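Here is the structure we will look at, set down as structure tokens.
The values are calculated or read from the model by the stated rules, or taken from the named source; none is laboratory data. As the structure is a prediction and not an experimental result, all values here were calculated from the model. Glycine also receives a Cβ, built like all others from the backbone with ideal geometry; neighbour counts cover every protein chain displayed. All accessible areas refer to the heavy atoms of the entire protein, side chains included, with ligands and DNA or RNA removed. Shrake-Rupley method; radii C 1.70, N 1.55, O 1.52, S 1.80 Å.
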Amino acid sequence: MFCGCGRRVAPVALFAHKNMGKLTDITTNSARITHANELAIRGALLQCLAVREALMLEPGKNLDCDKFLDGLLEKMKELEKDDRKDEFLKLDGAEEEFRRSFVKKLMKVKEFLKQPTPPPMDEIHNDLGVHVNALHSVPTALYCFLLGRNRIPEINVRVKALPPANNAQD
């Protein structure tokens, strides 16, 4: 993932996992150190919420992707509910693209995960994004995390056993 403020929030999710208000405040303030853009801050919040949700999973149980994404969608819908009023969305006539943007991307993640095989990389790049900004990197990272619970055909994985540890005392 490229979004800097999204990369540094994992410890926040661990620290404030029991207090959503504290989690939101710390994540927002951490993101504002380097980002004034509301979409970057929301991307950091989405990433932090996803890490929190992963931390809250019951050990030994399989990840329910629908439930995981539904929880994130619910929280992002709440964050994006007033987008029609927000001034930051008036960006060179492109504001329509950014309204409820993370919700739209999470819906696309759900759509992709329901397909029997992953979509072509070009479709992932076009619909989720592979870019430095949060809107075009955080949803893609979540998709890869959720898709990665199964083998991904395009990724050739070769596992080589490590040699036994040398327990000799020097």
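Numbers for the structure displayed
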| item | result |
| --- | --- |
| Length released on extending from Arg32 to Asn62, taking residue separation times 0.36 nm less the Cα-Cα span | 7.3 nm |
| Charge context of Phe112, other residues only, Cβ under 9 angstrom, K/R +1, D/E -1 | 0 |
| Rounded to the nearest 10 Å², the accessible area of Ser30 at probe 1.4 Å | 20 Å² |
| By average C-beta atoms within 10 angstrom, highest first, the peptides 119-126, 66-73 | 66-73, 119-126 |
